[in-house]
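Report on the following structure.
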There are 2 protein chains.
Amino acid sequence: MVSTHPLVVPSPPAPTGRRLTAAERERQIVEGAIAYFAEVGLDGQTRELARRLGIAQPLLFRYFPTKAALIERIYEEVYLKRWDAGWEATVRDPSLPCLERFRRFEIDYQRTIDNYAWLRIFVSAGLKGFDLPSRYLGMVRARIFTPLLTDMRAESRLPSPEDQPLAADEYELLFGIHGALVYVGLRSLVYGIDGGVDRDAVRAAMLDAALPGLLATHRRVVAARRETAASGA
Amino acid sequence: MVSTHPLVVPSPPAPTGRRLTAAERERQIVEGAIAYFAEVGLDGQTRELARRLGIAQPLLFRYFPTKAALIERIYEEVYLKRWDAGWEATVRDPSLPCLERFRRFEIDYQRTIDNYAWLRIFVSAGLKGFDLPSRYLGMVRARIFTPLLTDMRAESRLPSPEDQPLAADEYELLFGIHGALVYVGLRSLVYGIDGGVDRDAVRAAMLDAALPGLLATHRRVVAARRETAASGA
DNA sequence: TCCTCTCTTGAGCGAACGATCAACAAGGGC
DNA sequence: GCCCTTGTTGATCGTTCGCTCAAGAGAGGA
C-alpha cells in the first residue's frame, strides 16, 4: 500500500540518478549552487536550489551544515580555485616588456572572470557586504599590480618603490584599464545588455588603444609626485 | 488603563515627528527607502525599513500599494529624475570639439552616478533581472553616444552614419572609457574598497590619459570597417 | 466642546524562509 | 539470503516575509 504508489509528483523531481556517492553528490550540489546563486543572487532559497537539483532540501544540509558554509565553498570553488598562479609569473617575467606582461595578464584574467557565475556572484557578494570582493581585489593589487608597477618604474628608469613608495594614482592607472575591461563583461552578464559583440575582441581592441600611452602617463604621474614631494619638503 | 501606558519600547521607535502631512510622510518614506534598499539590496525587508523610519510597517502600504510600487518610485526618483537634460545639450554643442563635449559630459555624469544609492541600486536591479540597467544604458547609448559618435564622424571627415551606420565597436570606444570611470565608483561603493583617493580627480586623470588618442582610434576603427565592407562586397 | 476627517498603529493572516530529525531504502560485505 | 552502513526523504519546527484590517489618536472646523 505504501510502496511505490503511482502518485503524480507536483514538481519536476529527479533529473539526477539517485543514490550517488558522497563525493559525486557534493560535487553536484556545489555546481548546482554556483549556477543557481549566480542566477538569483546569494539570497536564493535552499528549497528552490534543491528542487533544481532534483533532490530533497534536507540533503543540502547533510553536505553543508549551513547555507553560509555552502556559499563559503562557492567562494573557494569559483574564486580561489580559479586563481591562476601563472598570472603572478607572467607579470614578473623579465623576458617581456611590462606592457606585454600586462596585456597577457589581462587577456588571461578577463577570460577567466568573463563568466556568468564569476561576475554575478562577485557583485552579489559586494552588495551583501561580504569581504570577498575587497579581499580578492586586494590580491590582484598586491600580487599583480605591485610587481608590475615596480618593474614599470625600473623600465622607465624611475626611482624604485623602496626610494619612493608606489602611490595610489599609479595603481589607479592599472585599475583604470582593468576596470574598463571588466565593465565589458558587467554590461553583458550583470546588466543584461547582450550587444552581440565578441567581448574578447572588444577587450583586445581596448588594450591596443590604452596600452601605448601607459608608460608615458606613468612617468608623468611619478614625476608630478616627485615635484609635489620636493616642494612640500 | 489602556491609554499612554509607560511601556518600554523594544526597538528605537520614533526619530520622526509623528502625524506628518501625507506629502511629507511620502517623501520621508521614499528617501528612507532609497537609503535602505541601497544598503541591503532590493530584497530588503519592509519591516526593517519601517523600523528605521520610526513608523509602523503597515504605514508603508498606505502610501505604496505594494513593495514593487515603492521600488518603481525609487527608479523614478533616483534615475529618471536625476537624468540631466543638459547632458544631451552638451554632447551636441557645436561650439565645442567632440572630445571636450565628451569630457564635460562624463565629468558631470559621473558626479551624478558616483553615489552610494545610485550605483548599488543599479547593480542590485541588474542582478535581480530588472530591465532598469539595460533601459538606462540604452538611453545613454541613444541620447548621448549616438549624437557624439555622429559628430565625431563629421569632425574626422568620415562618412556620416546615414552612409555608413554606426558600428558596435565605435560605441565600445565610448563605453570603454565610460566603464573605466564607472568602475572607480563601483570599487569603492559596491566592492567596499575605500582606497582613500579623490575619485573625481582619479577620473579626471583617466580622461586626460584616454581622450587624446580617442579620435585617432575612432578613425582607425571606422577605416578598418570600410575596408572589411569593401572587400566583403 | 464635540465631531469628523485622516494619519497611524497593533494584531494577525497565509506563505515561505533556514534548519532539524526520525524514518526509509539502496547497496556492498558476509 | 541477511544485515549493517549510509545516502536520502517526508514531516515539521520556529521565524520572518509581504500584506490586510479594524481600531486608535491627533488636528481642524463647528
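The values are calculated or read from the model by the stated rules, or taken from the named source; none is laboratory data. Remember, predicted model here, so these are calculated numbers, not experimental data. Glycine gets a Cβ as well: all are built from the backbone with ideal geometry, and neighbour counts include every protein chain shown. SASA here: full protein model, heavy atoms, side chains in, ligands and nucleic acids out. Shrake-Rupley method; radii C 1.70, N 1.55, O 1.52, S 1.80 Å.
Data for the structure
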item: Single residue of region A:16-47 satisfying the filter (under 18 Å from B:G41 (Cβ atoms) and surrounded by fewer than 19 Cβ atoms within 10 Å (Cβ to Cβ)) that is farthest from DNA strand D (Cβ to nearest atom); result: A:E39
item: Boolean, B:D169 is more than 7 Å from chain A (Cβ to nearest Cβ), modelled with pLDDT under 95 and under 24 Å from the mean Cα position of the chain (by Cα); result: no
item: Odd one out for A:L181 among (1) surrounded by fewer than 19 Cβ atoms within 10 Å (Cβ to Cβ); (2) more than 7 Å from chain B (Cβ to nearest Cβ); result: (1)
item: Single match in B:L53, B:L59 (criterion: hydrophobic (A, V, I, L, M, F, W, C), in contact with a Gly (Cβ under 9 Å, 6 or more places away or on another chain) and either farther than 21 Å from B:K128 by Cα or away from DNA strand C (no atom under 15 Å from the Cβ) (or both)); result: B:L53
item: Cβ pairs under 8 Å, 6+ apart, first in region A:214-233 and in contact (Cβ under 8 Å) with a residue 12 or more places away in the chain, second among the aromatic types (F, W, Y) and part of a helix (DSSP H, G or I); result: A:L214/A:F102
item: Failed criterion for B:L186 (all others in (1) assigned to a helix (DSSP H, G or I); (2) within 7 Å of another protein chain (Cβ to nearest Cβ); (3) touching a Gly at 6+ places or on another chain (Cβ under 9 Å) hold); result: (2)
item: Residue match in region A:49-65 (condition: closer than 28 Å to B:Q45 by Cβ, of a type in the set (D, E, K, R) and over 24 Å from the mean Cα position of the chain (by Cα)); result: yes
item: Residue check, A:P212 closer than 24 Å to A:E88 by Cα, open to solvent by 60 Å² or more (accessible area, probe 1.4 Å), modelled with pLDDT under 95 and assigned to a loop (DSSP other than H, G, I, E, B); result: yes
item: Residue identified as within 30 Å of B:A68 (Cβ to Cβ) and assigned to a helix (DSSP H, G or I) among B:V140, B:V222; result: B:V140
item: Given (1) more than 13 Å from the chain's Cα centre (by Cα); (2) part of a helix (DSSP H, G or I), number of the condition B:S134 does not satisfy; result: (1)
item: Scope region B:152-168; condition surrounded by fewer than 19 Cβ atoms within 10 Å (Cβ to Cβ) and among the charged types (D, E, K, R); matching residues; result: B:E155, B:R157, B:E162, B:D163
item: Test set (1) of a type in the set (A, V, I, L, M, F, W, C); (2) within 16 Å of DNA strand D (Cβ to nearest atom); (3) within 14 Å of chain A (Cβ to nearest Cβ) - B:W118 fails condition number; result: (2)
item: Region B:78-128 - residue that is closer than 23 Å to B:V197 by Cα and among the basic types (K, R) and, of those, surrounded by the fewest Cβ atoms within 10 Å (Cβ to Cβ); result: B:R111
item: Among (1) open to solvent by less than 10 Å² (accessible area, probe 1.4 Å); (2) more than 12 Å from chain A (Cβ to nearest Cβ), the one test that B:T146 misses; result: (1)
item: Failed condition for B:R226, given (1) farther than 21 Å from B:E76 by Cβ; (2) within 12 Å of chain A (Cβ to nearest Cβ); (3) touching a Pro at 6+ places or on another chain (Cβ under 8 Å); (4) not acidic (D, E); result: (2)
item: Region A:49-73: number of residues that are surrounded by fewer than 12 Cβ atoms within 10 Å (Cβ to Cβ), within 10 Å of DNA strand D (Cβ to nearest atom) and among the hydroxyl-bearing types (S, T, Y); result: 0
item: Flag for B:D194 being within 12 Å of chain A (Cβ to nearest Cβ) and open to solvent by 60 Å² or more (accessible area, probe 1.4 Å); result: yes
item: Residue ID - nearest to DNA strand C (Cβ to nearest atom), chosen from residues in region A:35-50 that are away from chain B (no Cβ under 14 Å) and either touching a Gly at 6+ places or on another chain (Cβ under 7 Å) or hydroxyl-bearing (S, T, Y) (or both); result: A:T46
